[in-house]
1. Tell me the net charge near Glu53. Cut-off is 14 Å between Cβ atoms, Glu53 excluded, with +1 for each Lys or Arg and -1 for each Asp or Glu.
2. If you wrap a convex hull around the C-alpha atoms of segment 511-555 and split its volume per residue, what is the figure in Å³?
3. Report the far tail of the P(r) of segment 423-482, meaning the percent of Cα-Cα pairs longer than 19 Å.
4. Can you classify segment 541-616 as rounded, prolate or oblate using the Cα gyration tensor, where a ≥ b ≥ c are the square roots of its eigenvalues, rounded means a/c under 1.5, and otherwise it's prolate if a/b beats b/c and oblate if not?
5. Can you list, largest first and rounded to whole Å, the semi-axes you get for segment 179-220 by taking the square root of 5 times each eigenvalue of its Cα gyration tensor?
6. Charges only on Cβ, +1 for Lys and Arg, -1 for Asp and Glu: so what's the dipole of the chain about the Cα centre, in debye to the nearest 20?
7. Restricted to Cα positions, what overall size does segment 37-157 have along the principal axes? Three whole-Å values, descending.
8. How would Lys123, Lys129 line up by accessible area, probe 1.4 Å, largest first?
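The values are calculated or read from the model by the stated rules, or taken from the named source; none is laboratory data. Not measured: the values here are computed from a predicted model. For neighbour counting, all protein chains shown are included, and Cβ atoms are generated from backbone atoms with ideal geometry for every residue, glycine included. For accessibility, only protein heavy atoms count, side chains too; no ligands or nucleic acids. Shrake-Rupley method; radii C 1.70, N 1.55, O 1.52, S 1.80 Å.
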Amino acid sequence: MKRSLELLAPARDASVGRIAILAGADAVYIGAPAFGARAAATNSVADIASLVEFAHRYRAKVYVTMNTILYDNELDRARDMVWELYRAGVDALIVQDMAYLEMDLPPIALHASTQCDVRSPEKAAWLAKAGFSQIVLPREFSLEQIAAAHEAAGVPVEVFVHGALCVSYSGDCHAGFAAMKRSANRGECPQMCRLPYEITDASGRVVAPAKHYLSLRDLNRSADMRALVEAGAQSFKIEGRLKDARYVANVTAAYSRILNEIVASSDGRYERTSCGDAHCVFTPALDRTFNRGYTSYFLWKPARMASIDTPKWAGRPVAVATSAYNAVKKCLTARIDDTLTNGDGLGFFDRAGHFTGFRLNRVDGNRLYPASAPVGLEPGMTIYRNADKAFFDILDTADAGCRRTIKVDFDLRSAAPDRFVLTAVDGRGCRVSVVTECDMQPARTPQADRRRDLLCKLGGTIYEAGTVDDALGDVFVPVSVLADARRRLMDLLDANAADTYGFDRRRKCALSHDAFAAMPPLDYHANVANKLADRFYRTHGATVAMKAMEVDMPQADEITVMNTRYCLRRELGACLREKGMGAKLPSPLFLRNESGVYRLDFDCANCGMKVIKIKK
């Protein structure tokens, strides 16, 4: 039996979702009018419905994110919104709050968000038993953990393959709320991990200057896709619901090509979940749109994974300065290693490690003419490009230069002396026919080529002609008659595709009444923020000892605000488990900036780290 593979792309809005599908996405995820984990990426139900209609023509799916925790006074509104989205044809909801399992909802499929914090195969299994149709696994999982979760869950598992990384396990980052009353679990993450911090010892002495010690590089698993498929992953998620059309088109096209290669070489073991062939006028290149440098994170043996010097996009190296900026000639010279374009965005790291960007007005041979003086640029420094004007100009064309077609094969034959049958079979498996009355007289010249050319004129549709089996022979069929038959046939094909679209539906809960009885009492890390979530856990044997931090802020002097597999000591070459390395930094360690002081607790046995906010 073939296993279906899904490339899941982000959609900031319906127009970006359309581009993602044209670039090769099998599914897109988009924010609901409210209750999504990106408060700045909301969309109306009407816009989502228009995207659904477009996506379903390609058998592509639309998932809507409603993955914040809910307050009691929001439960009715959330339930009503689910019904609206169901009527709009949405394929599934991506949720975090267990309240949805207790609501009176339509049979729409539910996917367990990464915010559900799945750290074990057992958690994946109980989410599947609770009724979730797809489980989003944490970015921190290794291949072995992905395989184990896939085996335990028994439903499709979804893995992140590209984009920004949260330093904390998703769903268990409370730093923003503890420091600024902005909750990641409520879609208002202030990105505490992207801020600069000093590293201090217990006495407050600075042992390392202010840098972005918690800011991770971006995920890039383009080279690991085959391994992920073989580990059991079925959905491959690109992060970026705030990203623009350029980014989404480029990254989606790149991963779609990779999946196509895997499918083509699988001897029929795999297939894509959607239909149609994506055509892009550009060659996708993952280093030409936003990234903070790349890491595969914990998929393999941990390596360097932070972007300590800047949380921004430095770009890729394109030149090395050979002179300082000449204020009189308003230029500098460089050894240029790539083709530069007037209007490119360039930048460099100065002696202090700070990144400075500038716009390129003009390039003439080895001379660069910046729009403003690049203060601090010295001979020998690498120049990076983070705005590739030539590439961006292509991506800024209509639909980012992407289109997608579904192949359709035609069969034309006589049904009687005065009528013919035209049949179409397309890549979705749809088959339709029209019968047309026509006084077909013997033709004086061969007609097959003329009829083929007319049937293949499918401009303005999503279809692309495949084979044409013409068994009419040399009889004359007026152009207007055959063109009308083709038009009616394509309308029928559209209708048949809509009528035969298949939806996934909500799974029934199979949890026993004592499923959680052996669990420790739930504290604020469980994010129980409303009466329905509380009822769900208690009904299945759990003890809810503490509500979510957003509902009942702990009053302790120390609060764990991040749990992470990322270890700052390991990143800085001061791992306590490696002989002679731990002494490079004192113990204990603290992070400090305007938001507060945070102690770092290192769990060396499990190779992890906790970030603990300390009351001043």
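1. With Lys, Arg at +1 and Asp, Glu at -1, the net is +1.
2. 57 Å³
3. Details: 613 of 1770 pairs.
I get 35 percent for the Cα pairs in segment 423-482 exceeding 19 Å.
4. In terms of gyration-tensor shape, oblate.
5. Equivalent-ellipsoid dimensions as semi-axes: 24, 16, 7 Å.
6. The dipole of the chain has a size of about 1620 debye.
7. Projected onto the principal axes, the Cα atoms of segment 37-157 cover 42, 39, 28 Å.
8. Working: Lys123 45, Lys129 115 Å².
Heavy-atom accessible area, descending, gives Lys129, Lys123.
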